[in-house]
Amino acid sequence: MKKYDGLYIFAGNAKDDVLESNFAKATAEIERFGGKIEAQDILGKRTFARPMHKRENGVYALVRFELDPSKVKELVNRYRLVEEVFRVQILAVDDRREAVLAAQREAAAKRAEFKANKEAEAAASAE
């Protein structure tokens, strides 16, 4: 099993309740192929840079999941048949890059905490 990020675009004219059911159908396809959903997030409605297939905008959703690498091609082909999914892009997650990004986020948080403590000390000594 390998980790993947899937970016989905649904039709922009979908209502919230319809969007939730479409999103559930899309994630159900992953589980149907034996995958496991780790995280999911609806990013919201975005306008396209140029119209595609007479559509001006779409609702974007991001899903992180685990799936057998041999099943990814089948999953993409299945999404071509699912009418609710306007576009889909699936990218493999690089574990080394994710570890570096996590370390950078942690270091930035420590720097921000140190800076806040230093400013609090300066404010306390000025009084």
| field | Pick from region 93-127, criterion modelled with pLDDT of 90 or more and of a type in the set (S, T, N, Q), ranking: nearest to Glu66 (Cα to Cα) | value | Gln104
| Residues of region 25-67 being exposed (fewer than 15 other Cβ atoms within 10 Å of the Cβ), part of a helix (DSSP H, G or I) and among the small types (Gly, Ala, Ser), which ones? | Ala28
| task | Output the number of residues of region 49-69 satisfying the condition of being among the acidic types (Asp, Glu) and closer than 13 Å to Ile37 by Cα. | result | 2
| message | I need a count of the residues in region 12-47 that are among the basic types (Lys, Arg) and over 24 Å from Lys71 (Cβ atoms). | response | 3
| field | Residue check for Leu67: aliphatic (A, V, I, L, M), in contact (Cβ under 8 Å) with a residue 12 or more places away in the chain and touching a Phe, Trp or Tyr at 6+ places or on another chain (Cβ under 7 Å) | value | yes
| request: Identify, from the list Glu98, Glu84, Glu121, the residue that is under 30 Å from Phe48 (Cβ atoms), outside the structural domain of Phe48 (by TED's automatic domain parsing) and either in contact (Cβ under 8 Å) with a residue 40 or more places away in the chain or out of contact with any Gly (no Cβ under 9 Å at 6 or more places or on another chain) (or both). | output: Glu98
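The values are calculated or read from the model by the stated rules, or taken from the named source; none is laboratory data. Quick caveat, the model's predicted, so the values are computed rather than measured. Reconstructed Cβ throughout: ideal geometry from the backbone, glycine too, with neighbour counts over all protein chains shown.
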